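See below for the structure under consideration.
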Amino acid sequence: MKSPFLIFCLFISLTSSALAWAEPEQDRKQILTFYQQIFPELQLADYAHGVYAIDADAKNSWQAIEEFPPYEFALEEGKELFNRPFSNGARYADCFPNKGIAIAQNYPYWGEQKQTIITLAGAINDCRLQNQVSALPYAKGEITKLLAYMAFTSRGQLINTIIPKHSQQALNAYKQGKNYFYQRRGQLNFSCASCHVDNAGKFIRSEILSPALGHTTHWPAYRLNTGEMGTLHRRFMACNKLIRAPIDMAQSPALRQLEFFLSYMANGLPLNGPSTRK
Amino acid sequence: MSTIKIRSKRFTDYTLVRTLIAHPMETGHNKNDATGELIPAHFIQTLTFKHNGKVLSQCQMGYGVSKNPFFSFKIKSAKAGDKVSISWQDNLAYSDTLEHIIP
Amino acid sequence: MLTTRRRFVKKMLALSGYALGLSFSKISLANWIADNFSRQTISQSITQLFPDQELQKSDRISLKLPRTAENGSVVPITISSTIPDVDTIYILSEKNPVPLIAEFSIEPELETYLGARFKMQETCDVIAVLKAKGQYYQTRQKVKVTLGGCGG
């Protein structure tokens, strides 16, 4: 005869477990509703254009540049680098599903074996290490060209970030990313949300703040300010520097968790990298 | 790999020719963040745009042109198979040229 | 670790890649007039480029420019005009240390049309000057350049 108490405990744990797993979807729907109220004219896919969806003057300028975008050289080099065999004869295509073509929408994902979040940049370096080639620096240089090519082949694919239901660790990683997003930091005591949720669409000095929804769609980006290809993580680092907070390094656990959270929020948005940004 | 990319598109009344060039267009007034030294000026000074061997535009420019310069022109009358070319030379006497066949 | 000899060979190979371009000098390249691109004020630049000339204001020149430059390093511009027989287009930025950005000769086979991307340091007028049959025409448009907030 089952103890009612035990049944009760089972019920509670199942419900809270169900509730816990429902949290990411609830968060996503909540943030979507929030932005839809501020930007009633925007469709989901529009958020992939970031601030250009809400700043017409900047959009015109951006489109003029996209007519023949400066990332074309990095893209061409990226394709060559991607197809070049390692010294042992293997190629990047051997490391990835679908030979590495049109797969960026599945990153980042929860890696069961490594029990950590795997980003596309991380996977590129895993591939290199597996083939006895040294890892590439994460912030700039060659990795941005490879990412440009892989992003390009993935254009139009809808973001597909999965939190595996059997993995408490994956859910925890999501929650840590979410906490990071909402946590205030630095001298200016801003959180990511302070600007990109609470003040999305408003001006900070002379610029309009973009909504966080869609922040992960358009990377890597040719940055007009540096004249170089930049990655999402390099942008995270720059943001933290601007708000005078300690800088987490590109591809550190904290930033991978943040990317995981942001990417889950952007599920269903189309990828449109590489792109150009100011 | 060439430093020059050329794209063309034929419309009813004109053919649009666009070019993107890989070049630092360094002004000579920027400092290397790591060493603190001035990065020497390195910028394209002249550019020539030709159609079927005839010069249609000669350009003089300074370092006020953006890094990885872009230019676009409209040829009044061009056909598929016509050749256009872009040639540039910079202040350090480097140069490059590329020919493109209008599709 | 490259030996000194290997490093030398590598450097020569790199340089020769550029040197190859020089061998294509059958192409006549325009002369570059250093004075036109010296650091000076806009008035000095205009006096030097167009001595004793009147730059007639024209509404037949269209400029496509952003109201606010996202980043002063790359400002896209398109110039087009219905003025007939234009043979030269000049692009100037009023407060740039070197106000003359570029000048283009335009043969009759070309539409009076030009697209380019250039640098601006601060808010000022962008000026297009067109020469047609010895007459000079101008139009100008202000572009705001700001130090932004967080774009970096």
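What follows is calculated from the coordinates using simple rules that are stated; it is not laboratory data. Keep in mind the model is a prediction, meaning the values are calculated, not measured. Every residue, glycine as well, gets a Cβ built from its backbone with ideal geometry; the counts of neighbours run over all protein chains shown.
Loop-only check: which GluC sites (Glu not before Pro) in segment A:60-154 are DSSP coil with at most 16 other Cβ within 10 angstrom? Please report the intermediate quantities before stating the final value.
Working: sites: A:GLU66, A:GLU67, A:GLU72, A:GLU76, A:GLU77, A:GLU80, A:GLU112, A:GLU142; in loops: A:GLU67, A:GLU112.
Those that pass, being in a loop and sparsely packed, are A:GLU67, A:GLU112.
Kyte-Doolittle cut-off 0.0, length cut-off 20 Å along the helix's own axis using Cα: show which whole DSSP H helices in chain A pass.
Details: long enough: A:4-38 (48 Å, 0.40); A:168-182 (21 Å, -1.29).
Membrane-span-like by this criterion, though nothing is claimed about a membrane: A:4-38.
If you average the sequence gap of Cα pairs under 8 Å that are 6 or more apart and divide by the length of chain A, what percent do you get for the contact order? Kindly include the intermediate steps, with their values, before the conclusion.
On the way: 432 pairs, mean separation 71.8, N = 278.
Once normalised by length, the contact order is 26 percent.
Among all the aspartates and glutamates, which ones have a C-alpha under 18 Å from A:LYS178's C-alpha, if same-chain residues fewer than 8 places away are not counted?
The reachable aspartates and glutamates, counting only those whose Cα sits under 18 Å from A:LYS178, are A:GLU23, A:GLU25, A:ASP27, A:ASP198, A:ASP248, A:GLU259.
Cysteines without a disulfide-compatible partner in chain A, using Cβ under 4.7 Å as the rule?
Unpaired cysteines in chain A: A:CYS9, A:CYS192, A:CYS195, A:CYS239.
For chain A, what is the calculated [θ] at 222 nm in deg cm²/dmol (nearest 500), taking -39500 (n - 2.57) for each run of four or more DSSP H residues and dividing by its residue count? Before the final figure, lay out the partial values.
Values: 9 runs with 125 residues, N = 278.
One gets -14500 deg cm²/dmol as the mean residue ellipticity at 222 nm.
Counting partner chain Cβ atoms within 10 Å of every residue's Cβ in C:73-84, what's the average?
Neighbouring Cβ atoms belonging to other protein chains average 4 per residue here.
How are the alpha carbon pair distances in chain A distributed across 5 Å bins from zero to the largest one, expressed in percent?
Once binned at 5 Å, the Cα pair distances of chain A give 1, 5, 11, 16, 18, 17, 12, 8, 5, 3, 2, 1, 1, 0, 0.
To the nearest 20 debye, what is the magnitude of the charge dipole of chain B about its Cα centre, counting +1 on the Cβ of each Lys and Arg and -1 on the Cβ of each Asp and Glu?
Numbers: 13 positive and 8 negative charges, 144 e Å.
So the magnitude is around 700 debye.
Express the relative contact order of segment B:5-82 as a whole percentage, based on alpha carbon pairs under 8 Å and six or more residues apart in sequence. Present the calculation step by step, with values, prior to reporting the outcome.
On the way: 133 pairs, mean separation 28.6, N = 78.
Relative contact order of segment B:5-82: 37 percent.
Past 28 Å, Cα to Cα: identify those pairs from B:LYS50/C:LYS144; A:LYS140/C:LYS119; A:LYS140/A:LYS278; B:LYS31/C:LYS57, in the order given.
From B:LYS50/C:LYS144; A:LYS140/C:LYS119; A:LYS140/A:LYS278; B:LYS31/C:LYS57, over 28 Å: B:LYS50/C:LYS144; B:LYS31/C:LYS57.
Once you average over the residues of B:91-102, how many Cβ atoms of partner chains fall within 10 Å of each Cβ? Mind dumping the intermediate values first?
Values: counts 3, 1, 4, 7, 10, 6, 6, 0, 0, 0, 0, 0.
Per residue, the number of nearby Cβ atoms from other chains is 3 on average.
So, counting K/R as plus one and D/E as minus one, what does the shell of residues with Cβ under 15 Å around B:ASP90 add up to? Walk me through the numbers before you get to the answer.
On the way: positive: B:LYS67; negative: B:GLU26, B:ASP96.
Around B:ASP90, the charge tally is -1.
At what distance in angstrom do the alpha carbon centres of segment C:93-152 and segment B:1-53 lie from each other?
After rounding, the separation between the Cα centres reads 16 Å.
Rank C:PRO51, A:ILE38, A:THR161 by how far each Cα sits towards the positive end of the charge dipole of the protein assembly as shown (+1 on Lys, Arg Cβ; -1 on Asp, Glu Cβ) and give me just the farthest.
A:THR161
Rounding to the nearest 20 debye, state how big the charge dipole of chain A is about its Cα centre with +1 on each Lys and Arg Cβ and -1 on each Asp and Glu Cβ. Before the final figure, lay out each step's value.
On the way: 28 positive and 22 negative charges, 143 e Å.
Value, rounded to 20: 680 debye.
Rounded, prolate or oblate: which fits segment C:32-79, taking a ≥ b ≥ c as square roots of the Cα gyration tensor eigenvalues, rounded meaning a/c under 1.5, else prolate when a/b beats b/c?
Since a/c reaches 1.5 but b/c is at least a/b, the shape of segment C:32-79 is classed as oblate.
For segment A:1-67, what is the charge dipole size about the Cα centre, in debye to the nearest 20, if Lys and Arg each add +1 at the Cβ and Asp and Glu each add -1 at the Cβ? Present the calculation step by step, with values, prior to reporting the outcome.
Values: 4 positive and 9 negative charges, 135 e Å.
So the magnitude is around 640 debye.
Could you tally the net charge around A:ALA93, taking each other residue with its Cβ under 13 Å from the Cβ of A:ALA93, Lys/Arg +1 and Asp/Glu -1?
That works out to +3.
Under the definition of partner shielding as Cβ atoms of other protein chains within 10 Å of a residue Cβ, what is the mean value for peptide A:224-231?
Working: counts 12, 8, 4, 9, 1, 0, 1, 0.
Going residue by residue through A:224-231 and averaging, the value is 4.
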